[in-house]
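Below you'll find the structure, written out as structure tokens, and then a few comments.
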Amino acid sequence: MTGQDWLEKDFYSVLGVPKDADAATIKKAYRKLAREKHPDHNPGDAKAEAQFKDIGEAYSVLSDPEQRQQYDQLRAMAGGARFTAGGRGGGGGFEDILGGMFGGGGGGNTRVRYSSGGAGGFEDILGGMFGGGFQRGPQPGADLAAAVELPFRQAVEGSTVSLQVGGRTVNARIPSGVRDGQKIRLRGKGRPGEPGAPAGDLVVTVHVAPHPVFTLDGRNLKVTVPVAFDEAALGATIDVPTLDGDTVRVKVPAGTPSGRTLRVKGKGVRASGSAKSDGDLMVTVQVVVPQRLSDAAREAVQAFGIATSGENPRATLMEQARA
């Protein structure tokens, strides 16, 4: 981007924000427009590609407080005018301003000439005016976005996936225990930067397909296990499935109510990266009430009811309701 770009382009209009917009407003506008005009969403649309480039240029200046201040000062001084490389023109143009500053002035016949580069050119003049800050370095590449859907098991165990981004294949490592909707930032996997500048990042949104038995809670796996009434009342040791296809023996204490959760250490998401330990398997007990009873079973339940008739399971509820 040259000095003339700063003079001729209204970056605020490009992003559709007012000149006093704060950094958050500018960032929000940039993200919205970048998604709309991204080449991946507009294949073969040269106009959208050009707009995407303009949006990136505008954001690179307005998102940098120092560059934005210099841009605002330059535009204010120039009055937003367009410029030519020299010759006669209307009064009050930017050449007249520079002419006055550098000894021209007067009848309007003296013009300050500039070029887009080279020694003594226009950007050298501006560099002197702004303490050398006008000259910018190579600009880093823009961030890119992608999405991937993983089977539940791959999300828990971690996986390497191949993504088509900007016409190239990018291999992305998804860490174990990734949550549905989580965003993974891959440094340097975005759009290449200008020569000498780093590439942007690739932000991958991960969608996790649901599992018929397991759910994920942080690094813990959760599973609901049906148990019979006698197992919950008298206690039992039951087999509980694990994600690797094996089972683990879990002791259900006598008198376990429906909805109680039992913890099995180390049977959740395997530790990786900064994680200090494996997650756990959280087993929620669901006491099953039989839908049909044989005559013998019915008599046994009735006998149980008679034996425990002195107990009211709702006694505490009634007391709390009267409070």
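Bear in mind these aren't lab numbers, they're just calculated from the coordinates by the rules spelled out. From a predicted model like this one, the values you see are computed outputs, not experimental measurements. Cβ sites come from the backbone with ideal geometry, for glycine too, and all protein chains shown count toward neighbours.
Structure above, values below:
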| quantity | calculated |
| --- | --- |
| Phi to ³J(HN,Hα) by Karplus 6.51 cos²θ - 1.76 cosθ + 1.60 over segment 246-259, Hz, x for Gly, Pro | 8, 10, 10, 7, 10, 8, 9, x, 4, x, 6, x, 5, x |
| Sequence of D180, D280, D295 once ranked by neighbouring C-beta atoms within 10 Å, starting from the fewest | D295, D180, D280 |
| Relative contact order computed over segment 214-317 (Cα-Cα under 8 Å; 6+ residues apart), in percent | 28 |
| Given K28/K222; K189/K222; K37/K189, the pairs whose alpha carbons are separated by over 26 Å | K28/K222; K189/K222 |
| Two-decimal Rg to Rh for segment 214-317 - Kirkwood Rh, Cα set | 1.11 |
| S162/D72 FRET efficiency (R0 41 Å; Cβ-Cβ; nearest 0.05) | 0.40 |
| L293-D244 pseudo-label distance in nm [points 7 Å out on the Cα-to-Cβ vector] | 4.3 |
| Footprinting exposure proxy for I184, I174 (fewest neighbouring C-beta atoms within 10 Å first) | I184, I174 |
| Rg(Cα)/(2.2 N^0.38 Å) for segment 163-286, N = residue count | 1.51 |
| Interchain or long-range residues, amide H under 5 Å from V165's placed H | V170 |
| Theoretical gain in end-to-end length, T169 to R153 [0.36 nm per residue, Cα-Cα removed] | 3.4 nm |
| Inter-label distance, nm, simple model (7 Å from Cα along the C-beta direction), E319/T205 | 5.2 |
| Cα pair distances exceeding 17 angstrom across segment 144-208, given as percent | 37 |
| Amide H partners (placed H, <5 Å) of T242, local residues excluded | T247, V248 |
| Fraction in percent of alpha-carbon pairs per bin - 5 Å, segment 28-68 | 5, 27, 28, 19, 12, 6, 3, 0 |
| Long-range HN-HN contacts of V287 with modeled amide H, under 5 Å | V227, S258, G259 |
| Charge tally in the Cβ shell below 15 Å around A209, where Lys, Arg are +1 and Asp, Glu are -1, A209 excluded | -1 |
| Residue exposure sequence - R249, R292 - by fewest surrounding Cβ within 10 Å | R292, R249 |
